[in-house]
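Inspection log for the structure reproduced underneath, given as structure tokens.
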Amino acid sequence: MLKTRIITALILAPIAIGGVFFLPPVGFAIFTAALIALGAWEWANMAGLINQPARVGYSAAVLLLLAALYTMTAQGVLWLALLWWLAGFGLVASYPKNSARWGSVSARATMGLLVLVPAWVGLNYLRNGEFKFALTDNNLLLILYVFALVWVADIGAYFSGRKFGNAKLAPRVSPGKSWAGVWGGLAAVAVFALVVSQTLGAGAGQSVALIIVSVVTAVVSVLGDLFESMLKRFRGIKDSSRLLPGHGGIMDRIDSLTAAIPIFTLLVIQLGWLNVGHVS
């Protein structure tokens, strides 16, 4: 299993790096839309759309929605994402008590739109907006930062959870996660944000703001992970798919990012660090 995971990672890493960091804006939009479409194909199964024509149709519908949004000013999608993740917290916290209220295929399919579409919109805003923070205006650095933020949170949670993780965070949703892991991940993110801000020559105000934005984003990333775990548990599956040998599916790899990206994007826009007109 470990060998398979390593081989898959070695194949996918250069594809992901090339697609995210070296494509022009339109190419970036197409590349990220393709990833979202694969995630939508997996989400369709989690929603209860089992047969392939229905899953492909759902994925195609998501692609059409992304195409429509590409030429629009779509900041409202990011505000919708904020409202959605506030509601998502309630769904995760009450699971399985209230699952009958959202367990229908149509409800779960709608959830997929609220998770996947804002993530794509936010990511393309990060790629194409006019970014200015401290001594840098590098949008690719901004994308790398939000990715690294989620990875740092995961690493901090892993080590602190292993060392101190007795009190479980959401045992009915994801038994392996602990409160110690959450706090350790958030502490790691705060340190990471401080180091980055000082490296870029940020003032005290910007540094504090970046730490707050980063910690809030990390909290939402945990929610994104828990939400997908909840849907898989409700559906009775372990992985979102088997597209990535040794790693599960696309959604298993990007669940935290789908929550983190739109919230992070919305926050940096509100701080005036990112000026956007439309996705293109």
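The values are calculated or read from the model by the stated rules, or taken from the named source; none is laboratory data. Nothing here was measured: the structure is a model prediction, and the numbers come from that model. Ideal geometry is used to build each Cβ from the backbone, glycine not excepted, and the neighbour counts take in all protein chains shown.
Quick notes on this structure:
- Scanning segment 170-223 for residues that are more than 18 Å from Ile261 (Cβ to Cβ) and β-branched (Val, Ile, Thr) yields Val173, Val182, Val191, Val195, Thr199, Val208, Ile211.
- Residue check, Leu169 over 30 Å from Phe28 (Cα atoms) and at pLDDT 90 or above: yes
- Scope segment 175-199; condition outside any helix (DSSP H, G or I) and surrounded by 17 or more Cβ atoms within 10 Å (Cβ to Cβ); matching residues: Lys177, Ser178
- Sole residue being touching a residue at least 60 places away in the same chain (Cβ under 8 Å), touching a Leu at 6+ places or on another chain (Cβ under 9 Å) and either over 20 Å from Ile250 (Cα atoms) or among the hydrophobic types (A, V, I, L, M, F, W, C) (or both), chosen from Leu78, Leu65, Leu69: Leu78
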